[in-house]
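The values are calculated or read from the model by the stated rules, or taken from the named source; none is laboratory data. Since the structure is predicted, the reported quantities are computational estimates derived from the model, not experimental observations. Counting neighbours? That spans all protein chains shown, and the Cβs are built from the backbone with ideal geometry, glycine included. Just the protein is used for accessible areas: all its heavy atoms, side chains included, with ligands, DNA and RNA removed. Shrake-Rupley method; radii C 1.70, N 1.55, O 1.52, S 1.80 Å.
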Amino acid sequence: MLIEQMMNRHVVTIQPTNTIAHAAKLMREHRVRHLIVTNPARQVVGIVGQFEMSGATSVFHPESENADFQNPVSSIMRSEVPTAHPFDFFEDAAALFYENRLTCLPIVEQGKLVGVLTETDLLRYFVQLTGALEPSSQIEILVENTTGTLEKVTRLLAKTNVNIINVFVHPTSDPYKRIISFRVQTMNPLRIIERLKREGYDVLGPEMSR
């Protein structure tokens, strides 16, 4: 999936010259954990989140007389901010989150901010991708890492007249083995598991009893 299909186009922004007090107010009012810092041309120049804000005392009470709250956002923002393009893939964004320990990723097109992706957005998409919210069952089998193995298993499942919602192939500690994880559209996968076992497949789960 492309990032543009899952990003949030409503982005709460702030300018670097605005005060920390104003940033705290925006975060409370919009119930967000991050603010993208932009210049008047909508170009990303930084980001400020709860971690940066924690350096100022009474962060959730900007009405306090703490002098730090009158400092500009530029004094606490992170200026080196990874960004992504709307046409980048979900996997590219996930890699950026993992490699840079991000919680928020600005989405930029032609040099201007057009959206934002958060760790919550990634988690929501992953849950949807796995089909975990649908009435279904997951089956995992251990197979040889050889050409055509996935096709053979899917052909076998097709004979059971069950709809496959998704398929994941996981690596193992043995480079010659893979785990294939199927999510199938049934709440009782017993007959499918029995069919797989009869065909000689090593079913890792779930354990089913009559």
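A few comments on the model shown:
- Per residue, the convex hull spanned by the Cα atoms of segment 18-161 measures out at 175 cubic angstrom.
- When every Cα-Cα distance of segment 1-58 is counted in 10 angstrom steps from zero, the calculated P(r) takes the values 21, 51, 23, 5, 0 percent.
- For MET53, solvent-accessible area (1.4 Å; no DNA, RNA or ligand), Å²: 0
- Computed E for GLU119/ASN188 - FRET, C-beta separation, R0 25 angstrom, nearest 0.05: 0.10
- The apolar share of the surface of the chain, taken as the fraction of accessible area on carbon and sulfur atoms (1.4 Å probe, ligands and nucleic acids excluded), comes to 50 percent.
- Relative frequency of Cα-Cα separations exceeding 21 Å in segment 131-202, percent: 21
- Simple point charges give the picture: +1 on the Cβ of Lys and Arg, -1 on the Cβ of Asp and Glu, and for the chain a dipole about the Cα centre of about 740 debye.
- Against the main long axis of the alpha-carbon atoms of the chain, helix 149-158 sits at an angle near 70°.
- Heavy-atom surface of the chain, accessible at 1.4 Å and reported per residue (Å²): 60
- FRET efficiency for LYS159 and GLU4, using Cβ-Cβ distance with R0 set to 45 Å, rounded to 0.05: 0.70
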